[in-house]
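Right, one structure below, let's go through it.
No value in this document is a laboratory result; all are computed from the given coordinates. All values reported here derive from a predicted model rather than from experimental measurement. Here the Cβ positions follow ideal geometry from the backbone for every residue, glycine too, while neighbour counts run over all protein chains shown.
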Number of protein chains: 2
Amino acid sequence: MAALHDDVLDRVGQRIVSGELPAGTVLTLDGLDRDYGVSRSVSREAVRVLAALGLLATKRRVGLTVQDRSGWQVFDPRVIRWRLDVGDRTDQLRSLGELRSGFEPVAASLAALRATPEQCGALSSAAEDMVIHGRAGDLAAYLDADVRFHSTLLEASGNEMLAALGGVVTEVLTGRTHHHLMPSAPLEEAIDLHGRVARAVRAGEPDVARVAMEAIITEATAAMTEDMA
Amino acid sequence: MAALHDDVLDRVGQRIVSGELPAGTVLTLDGLDRDYGVSRSVSREAVRVLAALGLLATKRRVGLTVQDRSGWQVFDPRVIRWRLDVGDRTDQLRSLGELRSGFEPVAASLAALRATPEQCGALSSAAEDMVIHGRAGDLAAYLDADVRFHSTLLEASGNEMLAALGGVVTEVLTGRTHHHLMPSAPLEEAIDLHGRVARAVRAGEPDVARVAMEAIITEATAAMTEDMA
DNA sequence: TGCAAGCATTAATCTGATTTTTACAAGACC
DNA sequence: GGTCTTGTAAAAATCAGATTAATGCTTGCA
């Protein structure tokens, strides 16, 4: 099912973020063709994308040079996923957590000022689903509701760049569930906080929404650090 | 000099973000070959990158469909540049301002905990330069110091994702000066706040740093909105 | 020792052919 | 008439061969 292009892209991307191919390593297109048994078009297009993501640089007569982490497009969902899958998961999640503690409270407060009735409804419904599936212990359905909640909230902020961070948050939530960095049963307190945010947004209370969202991130960070220790 | 690949990439990218090719428009690879007079490899690789940026989606038997803005990788430097060049500059700057109000205070507070002595020095020196050039009314030198201040601070947060947002902040600062959305002489208060952040970071006082940085963003937003009215 | 010419390597580009997927339509059936 | 199957063609995806253009490195000369 997975197309050859995506296959090569994923595999090389993962080898780079995992550190198997450290910065400075030099590859060649011919080498990739042989390694993966694909035609030049496939490896060529994969390399172009990796170069766009800042993971590789191409140079004539030299080849493909693996780039230092400082040049990576760390906001690209693909890079985030690779790093969560095979890279420095802990560092990555800490970075993302700190970042979220910055922009999600702002998004919550903006959403309280700008959310449409439909978005308020979607938010409440997602929060309710979290209650139901959280209590039932259905982690997959809980995750789905969690993702819906945060994506809707960021969308409702009316700020397209905050909305664009929805992909990043989705990767974090999915990643930490997938890698078992979550309590086996979601905490009652976390679930409750989501409901509080939803109500504050509906009531148009930006400060209440912001504070509740700050608590969500703090709680999530604490839960995760404990779990990793 | 500019390679064919980058040429096609830039041109198609700009046509999309400018709205000349609205979401839903369907193109074909053959069409691009003809339009730009390049071979399939070139258009193919450009399309692959555009697809990675979320601007296009490819589908067999259909062609290339221009995607809605909601899927764009709006944090990619290429996309930011295209939008500042041919897109909606003012909306873009407002979005970026709201985003900054989220992550810069967090970065300031983290920097107070983690900045190295060298970074503290660079921060203080940038703040001093802002005083000097601000009072002298040298806008270009002031901007340079301002950019140095914020980039250093984000770097000093010790969080690579916050550091990666340095480029974004630079765009905001440069953009608003370039488009005359700044007071002709920087406000004494704004300059003073930067010094306060630098001192708080050096002293290791995260809360003071955070509050001062919040004030910087609030002041900047107010100044810009007034100017636009 | 320094410099310039030439060589060899590798990405960049062009081209033609084949394979695979799949939207759409024509026909078959109820 | 409406739904289901089947066939066809359109377009991307992939493969493969050849040519072009930069450019790092070496060689030879002064």
Tilt of helix A:139-156 relative to the longest C-alpha principal axis of chain A, in degrees (0 to 90, nearest 10)? 80 degrees
Based solely on C-alpha atoms, express the radius of gyration and the Dmax of the protein assembly as shown in angstrom. 22.9, 66
What do you get for the angle between helix A:188-203 and the principal long axis of chain A? Use alpha-carbon atoms, 0 to 90 degrees, nearest ten. 70 degrees
Suppose we flag trypsin sites (Lys or Arg not before Pro) only when DSSP calls them loop and at most 11 other Cβ atoms lie within 10 Å. Which is the longest uninterrupted stretch of chain A? A:62-229
Using only Cα atoms and rounding to the nearest 10 degrees, what angle (0 to 90) does helix B:89-114 make with the longest principal axis of chain B? 50 degrees
Using a ≥ b ≥ c from the Cα gyration tensor of the range B:72-192 (square roots of the eigenvalues), is it rounded, prolate or oblate, where a/c under 1.5 gives rounded and otherwise the larger of a/b and b/c decides, a/b for prolate? oblate
What 222 nm value per residue comes from the helices of chain A, counting each DSSP H run with n ≥ 4 as -39,500 (n - 2.57) and dividing by all residues, nearest 500 deg cm²/dmol? -24000 deg cm²/dmol
Top of B:Asp192, B:Asp30, B:Asp129 by mean-square fluctuation, Gaussian network on chain B, Cα under 10 Å: B:Asp30
Within 10 Å of each Cβ in A:92-105, how many Cβ atoms from other chains are there, averaged over the peptide? 5
Across the Cα atoms of the range B:35-117, what radius of gyration and what greatest pairwise Cα-Cα distance (Dmax) are found, in Å? 18.4, 60
Given label points at 7 Å from Cα along Cα→Cβ, what nm distances, shortest first, separate B:Val26 from the same residue in every other copy? 4.7
Taking the range B:88-228 and dividing mean pair separation by its residue count, relative contact order in percent (alpha carbons under 8 Å, at least six apart): 37 percent
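Just subtract the alpha-carbon distance of A:Ala203 and A:Asp138 from 0.36 nm times their residue separation and send over the number in nm, one decimal.
On the way: separation 65, 0.36 × 65 = 23.40 nm, distance 2.98 nm.
Answer, rounded to one decimal: 20.4 nm.
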Just going by the charge dipole of chain A, with Lys and Arg at +1 and Asp and Glu at -1 on Cβ, which of A:Trp82, A:Met130, A:Met213 is farthest out on the positive end? A:Trp82
When the C-alpha atoms of chain B are aligned to their principal axes, what extent does each axis show, in angstrom, from largest down? 62, 37, 33
Contact order relative to length for the range B:4-71, counting C-alpha pairs under 8 Å separated by 6 or more residues, stands in percent at 40 percent
